[in-house]
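Right, one structure below, let's go through it.
The numbers here are math on the coordinates, done by the rules we state, and not lab data. Bear in mind the structure is a predicted one, so any value in this text is a computation, not a measurement. Note that each Cβ is placed from the backbone with ideal geometry, even for glycine, and that neighbours are counted across all protein chains shown.
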């Protein structure tokens, strides 16, 4: 870790994948990513002719060592295609490490714009998404089992 990496936190990990509509890749869809730690930071990309896109990881400096605070970063990606908007990804990142959204693996997603939005929790961070990716979600608490132990 170099001196320039001191205090650096990952706001949104590198993400790449494919956007589909009715099972077919969409070309020319616009993706707008908004990340909020203390103020909105916005960037955008577009899908290529095969529906592929890529966002580079987004980092920031943290004052956490000086001013203690809970790490909670809002993440949103909106896809615009053929005059419609789809909220592809909406979550809260609760750990500053890179690739936390996929438990340390590269974040490679496949997103179907006409699918049902799903809630998945990864590392105690809730993510609402139209995408699937290679990740094991947090285990849901077994309340019946917990009640028997009381």
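Residues of segment 84-112 with backbone nitrogen within less than 20 Å of a virtual label 7 Å along the Cα-to-Cβ line of residue 16, please, listed as ranges.
Only 89, 98-112 pass the distance filter.
For segment 100-139, just say rounded, prolate or oblate: build the C-alpha gyration tensor, square-root its eigenvalues into a ≥ b ≥ c, call rounded for a/c under 1.5, and beyond that prolate if a/b exceeds b/c, oblate if not.
oblate
So if each residue of separation counts as 0.36 nm, and I subtract the Cα-Cα distance between residue 108 and residue 39, what length gain in nm does that give?
Here the segment from residue 108 to residue 39 would lengthen by 22.2 nm.
Taking the alpha-carbon set of segment 3-149, what are its Rg and Dmax in Å?
16.7, 56
If r is the Cβ-Cβ distance from residue 71 to residue 27 and R0 is 41 Å, what FRET efficiency results, to the nearest 0.05?
0.65
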